[in-house]
Amino acid sequence: MFRTLSLLLLAALPAAAETVTVTRLVIADHAAPRLLVTDAAGATLLQLSLAEPVRLHHGLHHGQVALREAQLGRVSLLETGLRLEGHGDHGDLRLAAPSLLPVELRGPRPSHVVGSDGRLAVFFDGDGSASLIAAGQEAAPVRLSAAHAHHGVAYPFASLAGPRLAISEAPAAGERPSAVSLRGADGAELARREDCPRLHGEGRSGALIAFGCADGVLLLDARSGAFRKIANPEGAGERMVRNLAGGEDWRLLLGDFGPEAMMVVDPEANAMRVVPLPARRLHFTLDPARAETGFAITEDGVLHAFSTLDGTPRGRIQATGRYSLEGGAAVARPRLSAAGGLVAVTDPAAGRVALHDAETLALRQVIETGGRPFDIRLVSLTGESH
């Protein structure tokens, strides 16, 4: 009888939770207006036909991707079907089918799309406006404007004093931005920093938001709203940081720096470190959750891994064939994305995506997509599964 009672009690206990990591790929074609969502094994979860080829950006949360159709003037939101449900000391991983949300942000020539602290901002180059939405309030966008139309960026964040927006400003319509305006929730300017010539590129590490400038990197403390700047190293010449990716586990940012080098921005040391590459770069990426390693692919098709802490090489592998850097945006070239212990490499000429191990760079999986796979987002979440 006691044995039967014990078995009944054990059966009534909840099953032990298992920590799992699930990764999905969002793949956009360079020429065709189609989008593909797969799992890490290459199984197709969703195919979408859109109005034009799209570019991919981080959405309102880690399991969401924003789709930008520049000519149409539209940004929409894709749920990859991965979401973490917080429970204090842990998060439960919820899985669903990928789906396109009935949410659209429209304006002339959308460019930079930034998701941060539960809000998403789209900057429209055509009129210098920015449209913002918040999680749970996607149907009620807020519109703010810069003084002049330009190729710019708007970065939403939560400060100690409430929601804020950092928006680029140009001296005249069509000129390159050179300043950052800090706005409150009502759009009123609270502060301004004027010394960021040719501003381009943004990233975040912890509470620090970074903008690339011709002469260095401008940092904004999201908690206090204070600005500071790190100057380019000696001998930089015309080189500047134009694109940035930020780490979450390490307080650093990785950026490009001319065609044959990377730049590590170390906010704590108030310094920047140059990491040379052996050939001209096609693209680079960083897994924010494992930011001690950066990845870059060069024109010879070689995928490089290097330490962001001291710049030393960590590995290399031939990932694709050679690609030309001539021809501008009309030419489809490989792009990278890293998450969940994987590095994804699109190979437009071969019509495939390769998944490499982030530690060893060994080839893990090849996904035959057809067409010309171009932009890619690896979306990976770790949580408890019951």
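Straightening the chain between Ala173 and Arg109 buys 21.6 nm, computed as 0.36 nm per residue apart minus the Cα-Cα spacing. Helical content alone sets the calculated 222 nm signal of the chain at -1000 deg cm²/dmol, taking -39,500 (n - 2.57) per DSSP H segment of four or more residues and averaging over every residue. Rounded to the nearest whole angstrom, the semi-axes of the ellipsoid equivalent to region 107-230, taken from the Cα gyration tensor as √(5λ), stand at 20, 18, 12, largest first. Note on Ala261 and Asp195: the model spin-label points, each 7 Å out from Cα along the C-beta direction, lie 2.2 nm apart.
Taking Cα atoms only, the orientation of helix 2-12 departs from the longest principal axis of the chain by about 30 degrees.
Using R0 = 45 Å, the C-beta based FRET efficiency linking Asp300 and Arg143 works out to 0.50.
Fully extending the segment from Leu309 to Leu72, taken as 0.36 nm per residue of separation minus the present Cα-Cα distance, adds 81.2 nm. Label sites at Ala51 and Leu325, each approximated as a point 7 angstrom past Cα along Cα to Cβ, lie 3.5 nm apart.
Each Lys or Arg adds one and each Asp or Glu takes one away; over the other residues whose Cβ falls under 15 Å from the Cβ of Gly42, this sums to 0. In this simple spin-label model, placing a label point 7 Å from the Cα along the Cα-to-Cβ direction at both Leu100 and Arg223 gives a separation of 4.2 nm. With Rh defined as the Kirkwood radius, the inverse of the mean 1/r over Cα pairs, the Rg/Rh of region 42-81 is 0.98. Computed from the C-beta positions of Leu160 and His61 and an R0 of 25 Å, the FRET efficiency is 0.70 to the nearest 0.05.
Across all directions, the average flat footprint of the convex hull enclosing the Cα atoms of the chain is 21.7 nm². Any idea which of Thr369, Leu93, Gly247 is furthest toward the positive side of the dipole for the chain, if Lys and Arg beta-carbons carry +1 and Asp and Glu beta-carbons -1? Sorting the options by dipole projection puts first Thr369.
No lab work stands behind these numbers, since they all come straight from the coordinates. Given the structure is predicted, the values throughout are model-derived calculations rather than measurements. Positions of Cβ are generated from backbone atoms using ideal geometry, with glycine treated the same way; all protein chains shown enter the neighbour counts.
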